[in-house]
Amino acid sequence: MVVFLGLPFAFYVVMVLYPFTQATYYSLTAWTGFSAEQPFVGLGNYARLAGDARFLTALGNSLTLLVVVPALVMVASFALACLLTFGGSTAGSVKGLRGTAFYRVVSFFPYVVPAIVIGIIWAQVYDPSGGLLNGVLTGVGLDRFTDFPWLGDVDTAMAATIAVIVWAFVGFYMVLFVASIQGIDPELFEAARLDGAGRVRSALSIALPGIAGSVRTAYVYMGILALDAFVYLQALNPNGGPDSSTLVVTQQIFSTAFSQGQFGLACAMGVVLAVVTLLFVGAVFGVARLLGVRGGARA
Amino acid sequence: MSAVADRGARTDVAPRTDGRRSGGRADKVVGGASQAVLVVWTVLVLAPLLWTLMSSFKTTQEIFASPFALPSSLHVENYVNAWTLAGIGRYFLNSVLVVAGALALTMLLGSMSAYVLARFAFPGRGAVRTLVVAGLTFPVFLAVVPLFFILQQASLLNTLPGLVLAYTAYAYPFTVFFLLSFFEDLPGEVAEAASIDGASEWRTFFQVMLPMARPGMAAVAILNFVGLWNQFLLPVVLNSDQENYVLTQGMASFASQAGYSVDFGALFAGAVTTIVPVLVVYLVFQRRLQGSVAQGSVK
Amino acid sequence: MSPLESSRTPLQRRAFLKAVTAGAVVTPFGLSLASCAASGSGPDTGGGGGGGATGEVSDANPFGVAAGTTVEAVVFDGGYGTDYASFAAAIVQEQLDDVTVDVVGSTQIAQQMQPRFVGGTPPDLLDNNGANAIGLSTIAAQLEDLTEVVQAPNTEGTTIADTLYPNVLGVGMYDGKLAALNYVLTVYALWYSESLFEENGWTAPQTWDEALALGAAAQEQGKYLFTWGREAASYYLTMALDSAIKEGGDDVRLQMANLQPDAWSGEAITGVLAAMEQVVSRGYMRPGGAGTQFTQAQAQWSQAQEALLYPSGSWIENEMADATAEGFQMTGAPTPTVTSGSALPYAAINNTPNEPFVVPSQGQNPAGGKEVLRVMLSPETATEFARTKLASTIVAGTIPDDAFGSSALAAQVAMLDAAGTDTFNYNFVQTYGMTQEVNGLWNSFLSGDSDAATLAQGMQAMFDRIREDDSVVKVEVS
């Protein structure tokens, strides 16, 4: 047990937890990040954050991402996974739609594209005049989208950003859920169908409970990713978007730490973010427990 | 391909009971609609990627002039520029070495720790689990200063092995977290039987438990691979020697230069260069990957 | 890139040994909160820095760089690359016995330099530029005073200060110390296509009324007066400030740079914003800028020629070289004033220099860092820079009459000559790390989503917040 857990965990403590503990200490100082002096200010940084309108805006946006992104990714990838596993003709044995293997391979493509490259590509897709999106929309006659700035309009910037992150992850979770659904005893589907259950009911009453463990883990992972989202946001809207509508906490931390020379304050923001993340993870596990989910991929 | 398609398309071992035919016409409509959804999804996935591919063969002038126009001729010099200016070849090799090393180490350490945490009760287990999750929650860039000094003390700064260790440490909490549920789900009787047979802990783990957790391992390995491949901040700070740059660093410095000299053609070419090798690896291994996931799931 | 970069290992080892002896290294297992990484070393306790061994001072070696030493120069690898620094490095190595200069490029300055400043092992020369630059006021106290460099003779024996354009050192002053030397002279102007203007009989607007008239003329041809990109909305702040400073005089600059409480309600700036509001509301801005990557927006002006004017620094020609229409003949004109009776003449120009080079006091070899800077400020390197980058350094007289065939560079020289001593500069936006917020406010304004009053309020609120925040180090501008 020492070898299995002790050594890796000690390594983890030194390389990860110790630096984080240090950063937590910095959050109690007015350290600029570049000098040797770290004047201790107690909880002063936290008090400042409570009245920092820009930080609170960023926190609000991050929470929006936290609520919306995992939900969209889970729903979309679960729906697609159902289509691929038992969405096919109800005649004969339970099966997915034709071309399943093709769809599965293609859906995975965005996942192998580095995040920074995804950001670069989509920033181009959204370009008001030379971008793919407006090119298509105006091409089919929707002239009001001529020069429409998807990432530059308060009403659309956040939605456009969310769409990119969802695009990047749906395929992967779809593949994951397909594997999990295939792990469910097929006789359950057959039996449900004999009882007259349609595809939707099969999905909700058999597939979903069957892969609840996978969904829970995936939800946590997507949530943590949505709270970070730094790379995507930096590529799409490095300034935080119109009226700061896409400014997220990690971006605010980054600029506070490096261009404004307030590393201590940035660390306090980091601690707040960590607490939010922990609460989120706790909430997901709590809800899952209430719903009777246990274990991993298979029920 | 067809064998794979079959495996994906049908939940295996479908019993030969003839499913009740639930209204042929309505069934066709639903099937058609489902098929349409998947086609739309495929277009959404592929369009930006194909557009990037096409743009990578255009000159910067052509890219700015029209999003859809085909390149006047195949401007392969974009790839030459990207390759020489960004030194992508060398960075690619560095990335492969670092990611391969870190992935192997992460999977080994992570699975051992998850196994112990999942299957053995001991005092402090809850605390260790919480600390592991805590590692997922903090923005990495606030931790890099202390980490810099730790690696410096170990004389591992600006070395590839140092980077492997850092990558491993930061992938460890996620790996443990994700694998925990897989190990929790494995039937306990097998391990008990193995230990009654006198198998050592090592043998029980490596020869009995690990193979059973293979679907989970595959999923985590894929997630980790992409996470590590995309890792950006750790190498920027811990690996400032240009000889040792990994691909993301190379891409960032290249994107910065290409942005300043407005060489969008080369930028797209660079993006394609980073995507294609990973895509090829995925396409080659995806059958095996799917196979192992499905096989593991059916047990 | 070059062999100059390859020999960094010994330096790292030395840095490591130094850190050990200085007690800068943390003990990973000692988890006590107070044993933070940074507390061990610093300006007072950290050994090594502050010059190291000094060699003999002579005219050829005015800072006394010791023989056998290495100089590490970290240079921002952006629009100008790093080759000009390597060019100077080669000259230093030639002139001084047994001195090695390593030039290292970087685009992630703050992230890579932070632990080195903390640990007391910064490089000897640092070009602190780009999106990831360190806020200069944050490290100003840890930097050498570079007055020594500008008072030294250049490689041809003339005192460097006497060879510089007027008024180019001010933005590098922090608390009475020349902490940063901004190497590249930048002229902020309105850029346009000479051929297009000639063809249509247009001239560059000298007042905002003329600008509005030109906007109407552009609209008749289906063109726009201006275009902008989302990361560079701040260029319009620069244009507005330049116009207001010319209209209202140097007081306006001081009010702005010192973040005064009523800076944004002055007559001059209000007049400028009212005019710009007209530009927006009459539809003279090319739509979509708030969602457009800035170089793409610039191509709408330089390549597609959908917009007539673009306000920018003089790097624009070099930046858009690959995306400029044939026969464009890029040229520039000073920013318009509000009235013809402005406090400064129309020819007055913002010449805030760029690329701040600093010499950290804690480096192994600050004398070496200064020596590289001295060579860079000597005619040979300055001329090489102008020739290869088509941009002027702060060293005057390095550009021949033909301006290396560049119409924009020729315009730049002409504008500087016309301005004489009527030049001004400021860089508070960078100093206080405002760019992100500025872009947000200006994108809204330029899109027409907010008006001049809202914009002025937003800018003033940001000023007030920073001014009253004690944790932000202020730079007094005079």
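The values are calculated or read from the model by the stated rules, or taken from the named source; none is laboratory data. Since the model is a prediction, treat every value here as computed from it, not as a measurement. Cβ coordinates were reconstructed from backbone atoms using ideal geometry, including for glycine residues, and neighbour counts include every protein chain displayed. Remember, those area values only see protein heavy atoms, side chains included, never the ligands or the DNA or RNA. Shrake-Rupley method; radii C 1.70, N 1.55, O 1.52, S 1.80 Å.
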Search segment C:402-441 for residues being within 17 Å of the chain's Cα centre (by Cα) and not in a helix (DSSP H, G or I), and hand back the single one that is modelled with the lowest pLDDT.
C:GLY433
Number of positions in segment B:265-299 that are open to solvent by less than 10 Å² (accessible area, probe 1.4 Å), at the interface with chain A (Cβ under 9 Å from one of its Cβ atoms), over 29 Å from B:GLY162 (Cα atoms) and at pLDDT 75 or above
1
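So that you can scan it fast, the table gives a plain yes or no per residue for (1) surrounded by 24 or more Cβ atoms within 10 Å (Cβ to Cβ); (2) among the small types (Gly, Ala, Ser); (3) over 14 Å from the mean Cα position of the chain (by Cα):
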| position | (1), (2), (3) |
| --- | --- |
| C:ASP145 | no, no, yes |
| C:VAL150 | no, no, yes |
| C:THR163 | no, no, yes |
| C:GLY176 | no, yes, yes |
| C:ASN182 | no, no, no |
Flag for A:GLY60 being within 26 Å of the chain's Cα centre (by Cα), closer than 30 Å to A:PRO242 by Cα and surrounded by fewer than 16 Cβ atoms within 10 Å (Cβ to Cβ)
yes
Residues located in segment B:95-117, provided they are hydroxyl-bearing (Ser, Thr, Tyr) and either open to solvent by 10 Å² or more (accessible area, probe 1.4 Å) or under 19 Å from B:LEU160 (Cα atoms) (or both)
B:SER95, B:THR106
Of the listed residues (A:GLY152, A:GLY131), the one being at pLDDT 90 or above, more than 27 Å from A:PRO186 (Cα to Cα), within 14 Å of chain C (Cβ to nearest Cβ) and open to solvent by less than 30 Å² (accessible area, probe 1.4 Å) is A:GLY152
Go through segment C:278-311 and give me each residue that's more than 27 Å from the chain's Cα centre (by Cα), in a helix (DSSP H, G or I) and not β-branched (Val, Ile, Thr).
C:GLN278, C:SER281
Please state which one of B:VAL128, B:VAL145, B:VAL132, B:VAL140 is facing another protein chain (nearest Cβ under 7 Å), of a type in the set (A, V, I, L, M) and either open to solvent by less than 10 Å² (accessible area, probe 1.4 Å) or under 25 Å from the mean Cα position of the chain (by Cα) (or both).
B:VAL145
Answer residue from segment C:289-299, given it is closer than 15 Å to A:GLN124 by Cβ and more than 7 Å from every other protein chain (Cβ to nearest Cβ) and is least open to solvent (accessible area, probe 1.4 Å) among those
C:ALA297
For segment C:185-201, what are the residues that are part of a loop (DSSP other than H, G, I, E, B) and either crowded, with 17+ Cβ neighbours inside 10 Å or in contact with a Lys or Arg (Cβ under 9 Å, 6 or more places away or on another chain) (or both)?
C:LEU185, C:THR186, C:VAL187
Only one of these is more than 11 Å from chain A (Cβ to nearest Cβ) and out of contact with any Gly (no Cβ under 6 Å at 6 or more places or on another chain): C:TYR426, C:TYR432. Name it.
C:TYR426
Limited to segment C:184-241, what total is found for residues that are within 25 Å of the chain's Cα centre (by Cα) and either of a type in the set (A, V, I, L, M, F, W, C) or at positive phi (or both)?
14
Could you say whether any residue in segment A:187-195 is within 14 Å of chain C (Cβ to nearest Cβ) and open to solvent by 30 Å² or more (accessible area, probe 1.4 Å)?
no
Matching residues in segment A:19-44 - criterion: being surrounded by 22 or more Cβ atoms within 10 Å (Cβ to Cβ) and either within 17 Å of B:TYR172 (Cβ to Cβ) or more than 9 Å from chain C (Cβ to nearest Cβ) (or both)
A:PRO19, A:PHE20, A:ALA23, A:SER27
Hits in segment A:105-142 - residues which are of a type in the set (A, V, I, L, M, F, W, C) and in a loop (DSSP other than H, G, I, E, B):
A:VAL113, A:VAL140, A:LEU142
Restricting attention to segment A:5-25, which residues are aliphatic (A, V, I, L, M) and closer than 18 Å to A:ASN45 by Cβ?
A:ALA23
Residue check: is C:GLN412 within 14 Å of chain A (Cβ to nearest Cβ), crowded, with 18+ Cβ neighbours inside 10 Å, polar (S, T, N, Q) and on the phi < 0 side of the Ramachandran plot?
no
From the options C:ARG282, C:ARG286, residue that is in the same structural domain as C:THR421 (by TED's automatic domain parsing) and surrounded by 23 or more Cβ atoms within 10 Å (Cβ to Cβ)
C:ARG286
Taking the stated definitions as given, is A:ALA101 touching a Lys or Arg at 6+ places or on another chain (Cβ under 6 Å) and either modelled with pLDDT under 85 or at the interface with another protein chain (Cβ under 7 Å from one of its Cβ atoms) (or both)?
no
Within segment A:1-17, the residues that are within 7 Å of chain B (Cβ to nearest Cβ), surrounded by fewer than 20 Cβ atoms within 10 Å (Cβ to Cβ) and either closer than 14 Å to B:VAL132 by Cβ or modelled with pLDDT of 90 or more (or both) are A:PHE11, A:VAL14
Please state which of the following conditions B:LEU179 fails to meet, knowing it meets all the rest: (1) facing another protein chain (nearest Cβ under 10 Å); (2) surrounded by fewer than 24 Cβ atoms within 10 Å (Cβ to Cβ); (3) not small (Gly, Ala, Ser).
(2)
